[in-house]
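This is the structure, below, for whatever I ask next.
The values are calculated or read from the model by the stated rules, or taken from the named source; none is laboratory data. Note that the structure is a prediction, hence the values are computed from the model and not measured. Here the Cβ positions follow ideal geometry from the backbone for every residue, glycine too, while neighbour counts run over all protein chains shown.
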Amino acid sequence: MTHSIKFLDLQARLEQRLESGLYRSRRTLDGAQQACCYVDGKALINFSSNDYLGLANSCEARVALTNAAAIYGYGSGASHLISGHQRPHETLEKNLAEFVERDAAVTFSTGYMANLAILQTLAGKGDVIIADKLNHASLIDGARLSQADSLRYPHCDLNALENRLKKAPQNKFVVTDSVFSMDGDIAPLDVIAELCDKYQAILIVDDAHGFGVLGKQGRGCGEYFGLNQKQLPVLMSTLGKSLGGFGAFISGEQQLVDYLIQFARSYIYTTAMPAVNAAANLANLQVMSQSSERINQLKQNIEYFRHQCALTKLKLENSTTAIQPLLIGENQRLMAINEILLSHGLLVGAIRPPTVPQNSARLRITITATHTAEQIDLLIKTLNTALEKIE
Ligand SMILES: *Cc1c(COP(=O)(O)O)cnc(C)c1O
């Protein structure tokens, strides 16, 4: 039956992946994404989601979904430029722009598509994209699509970045995550913005893990570093992380947004997200903007986790965000530790190459606003037990 693709030798490559301890399996959750989730009839405390504010299953989003479905039905039926752009999309864009203190915003179906759009529409042949080595895969793919020359600099190495800026005579773009998705550290965007100003480069920031987390009110990296639209002209974020929804947006000057709407292939040639989805995103955005309760709780939980870990032998990385990696190194060892956590009812992301560099396999622990102190205590205790058991 699969004769036609036999020559690709899929089986051999699958087996190779299995043997090297890199095979990934999906877990099926029965029920909502939340701090306590259900897998194969078993309740697990979930330290693996990006639902940092606990909004993925908020009452507000659920009510908004039901109400919007009564008005807009389900599917959008067309791309944005034909007839798929409905009122909730329009309102969501206005509210997102306001929240991140930008003039305008345009929403995309996913962050992956938004990043492809930014690089493909803004950069072209002869331009140069200067990117942090640990940037998200979608930014790397966007750079490839753009056909611009792509230069990487060692992670957050400002001297290396400046050297590359000095040597590039062409139109140049500096591209970086604000919070690195597998490390949780924050790019020094204040200095990077100064360098961009000095060398006339355009700064593009992916704020997927900063939006809803950084800044007093969770407005993201712009608020945290006090960077306005002039200093940080292209700001992208997803709606699938802190906002607990699905989708993404790019914000900046009206002209930037107009340009993306005209030329971004991943915006034009795809169906608009369902209006119910836009409405639910909007409801969660309102929760985020009207109260600091969730973000304050998140910050408190992160601090509690780090403080309690410091009282034990656990060595955390230098992260103050919701992403708290625990480096293990070897793949098989990581998976053995992960099994122990699972047997104690704890679900943590086990991240292996190629998502992270060779020999840097890690537990990617994510803290959310909805975790209790007891749940965090249990995680720390079990981590210590597991690390002792698996030398
Ligand atoms: C998740 C993520 C994306 C992709 O966003 P989706 O909406 O999930 O497609 C892009 N950049 C970073 C840094 C991310 O973590």
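Go through the stretch 302-318 residue by residue and tally those that are among the β-branched types (Val, Ile, Thr) and within 25 Å of the chain's Cα centre (by Cα).
Of the residues in the stretch 302-318, 1 are among the β-branched types (Val, Ile, Thr) and within 25 Å of the chain's Cα centre (by Cα).
In the set ALA97, ALA61, ALA70, which member is assigned to a helix (DSSP H, G or I), loosely packed, with under 14 Cβ neighbours inside 10 Å and modelled with pLDDT of 95 or more?
ALA70
So which residues in the stretch 204-218 are surrounded by fewer than 21 Cβ atoms within 10 Å (Cβ to Cβ) and either within 12 Å of the ligand (Cβ to nearest atom) or within 19 Å of the chain's Cα centre (by Cα) (or both), if there are any at all?
Selection gives GLY215, GLN217.
Restricting to the stretch 352-380, what's the tally of residues that are modelled with pLDDT of 95 or more and surrounded by fewer than 14 Cβ atoms within 10 Å (Cβ to Cβ)?
Qualifying residue count, the stretch 352-380: 4.
Output the number of the condition that MET236 fails; it satisfies all remaining conditions of (1) surrounded by fewer than 21 Cβ atoms within 10 Å (Cβ to Cβ); (2) closer than 30 Å to ALA283 by Cα.
So MET236 meets the others, but not (1).
Here is a yes/no grid of residues against (1) within 16 Å of the ligand (Cβ to nearest atom); (2) closer than 22 Å to THR121 by Cα:
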{"position": "GLY226", "(1), (2)": "no, no"}
{"position": "LEU235", "(1), (2)": "yes, yes"}
{"position": "GLY240", "(1), (2)": "yes, no"}
{"position": "GLY245", "(1), (2)": "yes, no"}
{"position": "GLN255", "(1), (2)": "no, yes"}
{"position": "TYR259", "(1), (2)": "no, yes"}
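Test SER251 against the stated conditions and say whether it is touching a Cys at 6+ places or on another chain (Cβ under 9 Å), surrounded by 24 or more Cβ atoms within 10 Å (Cβ to Cβ) and either under 30 Å from GLN33 (Cβ atoms) or among the hydrophobic types (A, V, I, L, M, F, W, C) (or both).
So SER251 does not fit the description; no.
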